[in-house]
Structure formats: C-alpha cells, structure tokens
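Novice: Let me give you the structure first, and then I'll get to my questions.
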Amino acid sequence: MKTPECLGRMDDKGITLTELLIVVGIIGILAVALGFIYTGWMGPYKMEKATKDLYTSLMSARSLALTQNRMYFVTLVDANNYSVTADTNDSTTLNAGDLPLATYPKRVEYPLNWNGAAPANRSISFDKRGIINLEPAAVWVDSVISLTTAANVDPDYNCIVISQTRIRMGKWNLGTGVCDAK
C-alpha cells in the first residue's frame, strides 16, 4: 500500500509557528533598543536646529536691511521667543508703528540667554549698511546668545557670537564659560 507523499516526510516549503515567534520577538527587541538610541540622538540635533534657526533669522534680517535699504530689528522678547521686525516708518528705532515679519514671533524650545542672563526685550538692530547695533545701547562688546543646554545633550552648535560686523555660531565651552565661535 502506498502512502501519500505528504505523509511521513517533512515539507521544506514553510516555517513553523515557533520560528515565526522567535523572529517576531527578536525584531521587537531591536525596535525597542533602536527607539532609545534614536531619542538620545535627537537631543543634540534639536538644539543645533534651534541655534541654526536663530542664526538664519539674524542673517535674514541683516540681508533684508541691506537689500531693502531699511532697518530691521531682531528682538529677544523673553527666554523662549524672538521676533524680526521691519522699520516701516523709517524712525530708526523700534516702536509700535513697525511691523513684525509674517512668520514671527518664533518660539525656541530651549531657553535663550543673553551674555549669561535671561533676555528681556533685548534687540539687535541692523542698519541700512548691515552694521549691527544693540538695544538698549551699550558700550560695544561682542555679545553672546546661547541656548540652555540639558546635562545629557552635547550639540556641535548652541551659541551665537555677535559683533558689529559679524555673526558666528559656536559651541559653549563649559570649562571657560565662553562661546567658542567656529
């Protein structure tokens, strides 16, 4: 008597439930592990993005001042917000008649510092020649805008050095307490 071919020998065309469960378990463990690693990577990148966004806003205001022959102001409203405003009434000072640009004010996820202190309505003005001035007026010293860095985050950029003619990004040096412009 002949037996059917499927009886008595193992068919090599499938997988068992045990093999399937093992593979799904391994994929689950890897997904969880990579999730923790991914969130650890995101901290420095978010801080760098915030620094680069602020740098871009400063450079855009300067460029607009040069090309439109009008003063522009970047105002650090408080520790988490900044705005870019055009001097629409040609008064050369920031006042109620001036209009903020359409996409402003912007919120920063990490608190801002101005020379080590919380900013309160500190303004940076760009004249028609692109020269930078600080408001309220002070004796000119390179100013530093930095973002408060969390203890476990080590970004490449987290501060901006502003002089009368240059704007440079850098990394805050915890040892010396200064921004090392790059």
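Any read-out appearing in this document is the output of simple, stated calculations on the displayed coordinates, not a laboratory observation. The structure presented is a predicted model; accordingly, all values stated were derived computationally and were not measured. FYI the Cβ positions are ideal-geometry reconstructions off the backbone, even for glycines, and counts take in every protein chain you see.
Novice: Can you report the number of residues in the range 28-85 which are among the charged types (D, E, K, R) and out of contact with any Asp or Glu (no Cβ under 7 Å at 6 or more places or on another chain)?
Specialist: Total meeting the criteria: 5.
Novice: If I filter the range 40-63 down to residues being in contact (Cβ under 8 Å) with a residue 24 or more places away in the chain and aliphatic (A, V, I, L, M), which single residue comes out as surrounded by the fewest Cβ atoms within 10 Å (Cβ to Cβ)?
Specialist: Here the residue is MET59.
Novice: Among THR103, THR67, which is the only one that is within 22 Å of ARG166 (Cβ to Cβ), exposed (fewer than 13 other Cβ atoms within 10 Å of the Cβ) and not aliphatic (A, V, I, L, M)?
Specialist: After applying the criteria, what remains is THR67.
Novice: If VAL77 passes every condition in (1) closer than 22 Å to ASP53 by Cβ; (2) of a type in the set (Val, Ile, Thr); (3) more than 21 Å from the chain's Cα centre (by Cα) but one, which one does it miss?
Specialist: (3)
Novice: Among the residues of the range 41-65, what is the count of those that are more than 15 Å from ILE124 (Cβ to Cβ) and of a type outside the set (D, E, K, R)?
Specialist: Summing the residues that are more than 15 Å from ILE124 (Cβ to Cβ) and of a type outside the set (D, E, K, R) in the range 41-65 gives 8.
Novice: Residue by residue through the range 73-85, note down the ones that are of a type in the set (A, V, I, L, M, F, W, C) and surrounded by fewer than 21 Cβ atoms within 10 Å (Cβ to Cβ).
Specialist: Hits for the range 73-85 are VAL77, ALA79.
Novice: Of these, ASN158, ASN173, ASN133, ASN69, which one is within 25 Å of PRO44 (Cβ to Cβ) and either among the hydroxyl-bearing types (Ser, Thr, Tyr) or in contact (Cβ under 8 Å) with a residue 12 or more places away in the chain (or both)?
Specialist: Result of the check over ASN158, ASN173, ASN133, ASN69: ASN158.
Novice: Does THR88 count as surrounded by fewer than 16 Cβ atoms within 10 Å (Cβ to Cβ) and of a type in the set (Ser, Thr, Tyr)?
Specialist: Yes: the conditions hold for THR88.
Novice: Residues of the range 115-130 being under 30 Å from TRP172 (Cα atoms) and assigned to a loop (DSSP other than H, G, I, E, B), which ones?
Specialist: Across the range 115-130, the qualifying residues are ASN115, GLY116, ALA118, PRO119, ALA120, ASN121, ASP127, ARG129, GLY130.
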